[in-house]
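This report concerns only the one structure given below.
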Amino acid sequence: MSLPVSDRAACRLLRNLVEIPSVSGDELAASQWLTAQMRDLGYNHAEVDSANNAVGRMGRADAPRTVMLLGHIDTVPGHIPVELKVVGGKQVLYGRGTVDAKGPLATFTVAAANLKQTLPEDCQVVVVGAVEEEAATSKGARCIRDRHNGLILPIPDYCLIGEPTGTTGIARGYKGRILLRFQAWQPTAHTAGPGTEIAELAVAFWLYVKHLVEAGEQPESQVFEATSPSLREINTELWRNGQNHVSTLIGIRLPVGFDALHFVQNLRRWCEEQIGPVREPMPTRIDADIPIEFACAGPIVEARLDLSGFEPAWLTPRRNHLSTCLRGAIRRVTGEPPRFLVKTGTCDMNVVGPAWGCPMFAYGPGDSELDHTPEEHIEIEGYLDAVRVLTDALGTLVRMF
């Protein structure tokens, strides 16, 4: 199948994008370059927005139907030389971001450009290279979510998230997340004296979190359905003012339907029972955009619990027009059956899903097992197949809704 954007041009766009460093928080140069490419590819509009997202639109701005292709342009740190190699008889591109997630973003960019001559007048396709997806802030996705609120810009009718699922994979769900930072401090005392060591208090908090999670689990819970806590760090130090200090970071992956408000109520109660009165009132709801802090003090120990990075889990039903188009395109292009996936991490789907409520899947070339690794690379054949799949799927979708 011959497409308006040649394979050679598609590969050049991917490689050049990967060659521009864009660690979270430092994406401006990559966004500027990508929007220039969008204009060269015939997009009706392309700009770097207030969050430094790269945003391109194919179609009229006042078109009543919107398809959103939300990728991310940032990467984790770690330089990998950009090299095209032949491995096992296949061309492979190495470089940071080839898989997570400049490969999917380049796929979105090229596939939308391929629709230029066939896109109906009443439909627009918006392509976004969002910033800070790899950070807990998700600054780029939040900016896009808040602008496409039905008042400033239309809420999308359909949305694809650019993440590596493999050419035949369709991710319909991502687990949620919450981060807990527990800190405590007390005056220095001899280790042979009475009382609890400050580090022991942090350990007790971690054990309580594990107990709280395990008490609410079903015995046969699958990984996607389970609440999964992890102790990410614990550090103690002696401050110059003579106080012992401990800081603990706990990350928790959340299933669909997790009762965050009840969970936070229990954490607040633990702080009061183990340390002392909590100054801040209990919030009436847990909001992804509003961090929560509890400070408490006892006769000797003071402590603070910060909750941040909350994103609810999201799961899209299997059956809708977007699913039908993707599955059909995968079969036509690859000759293989499509695979529905659920992911145990989080992505920008968790940010925009609850706000938009539209059919939403993640799709993109690449092996997610290579995310963030020193060996990150993508097969060129898989990338080009994903471009063909998405061009086919979008071409069908924009004619049927």
With -39,500 (n - 2.57) per DSSP H segment of 4 or more residues and division by the full residue count of the chain, the 222 nm estimate, nearest 500 deg cm²/dmol, is -10000 deg cm²/dmol
Give me the percent of DSSP beta bridges within the chain that run antiparallel, rounded to the nearest 5.
70
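Quick one: compute the contact order of segment 98-186, relative version, from alpha carbon pairs under 8 angstrom and 6+ residues apart, as a percent.
31
Using alpha-carbon pairs under 8 Å, 6+ residues apart, how would you state the relative contact order of the chain in percent?
After rounding, I find 24 percent.
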Which listed residue (Pro281, Pro229, His245) has the Cα farthest towards the positive end of the charge dipole for segment 176-311, taking +1 on Lys and Arg C-beta and -1 on Asp and Glu C-beta about the Cα centre?
His245
Full-stretch length increase - Arg399, Asn16 - with 0.36 nm per residue and alpha-carbon distance subtracted:
134.6 nm
Shape of segment 176-311, Cα gyration tensor, a/c cut at 1.5
prolate
How far apart, in nm, are two points set 7 Å out from the Cα along the Cα-to-Cβ line at Phe340 and at Glu280?
3.9
By the gyration tensor of its Cα atoms, with a ≥ b ≥ c the square roots of the eigenvalues, what is the shape of segment 74-174: rounded for a/c under 1.5, prolate for a/b over b/c, or oblate?
oblate
Given 313-321, 111-119, 8-16, 384-392, the highest-first ranking by average Cβ count within 10 Å works out to 384-392, 111-119, 8-16, 313-321
For His372 and Glu293 in the same chain, what is the full-extension length gain: residue separation times 0.36 nm, less their Cα-Cα distance, in nm?
25.4 nm
State, to one decimal in nm, how far the label point of Ala136 lies from the label point of Lys210, with both points 7 Å from Cα in the Cβ direction.
2.1
Give me Tyr363, Tyr158, Tyr94 ranked fewest to most by other Cβ atoms within 10 Å of their Cβ, as a rough exposure proxy.
Tyr94, Tyr158, Tyr363
Could you point to the label whose value was computed as Cα extents along the principal axes in Å for the structure here, given (1) 75, 61, 39; (2) 67, 48, 36; (3) 78, 43, 42?
(3)
Anchor Lys85: lysines whose Cα lies under 28 Å away (excluding residues fewer than 8 positions away in-chain):
Lys102
Give me the one-decimal nm value for the distance between modelled label points at Thr236 and Asp259, 7 Å along each residue's Cα-to-Cβ direction.
3.6
Gain in length, Ser50 to Glu381, computed as 0.36 nm per residue apart minus the alpha-carbon separation, to one decimal in nm?
115.6 nm
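We did not get these values from a lab; they are worked out from the coordinates using the rules stated. Values in this document were obtained by computation on a predicted structure and should not be read as measured data. Methodologically, a virtual Cβ is constructed for each residue, glycine included, from the backbone with ideal geometry; neighbour enumeration extends over all protein chains shown.
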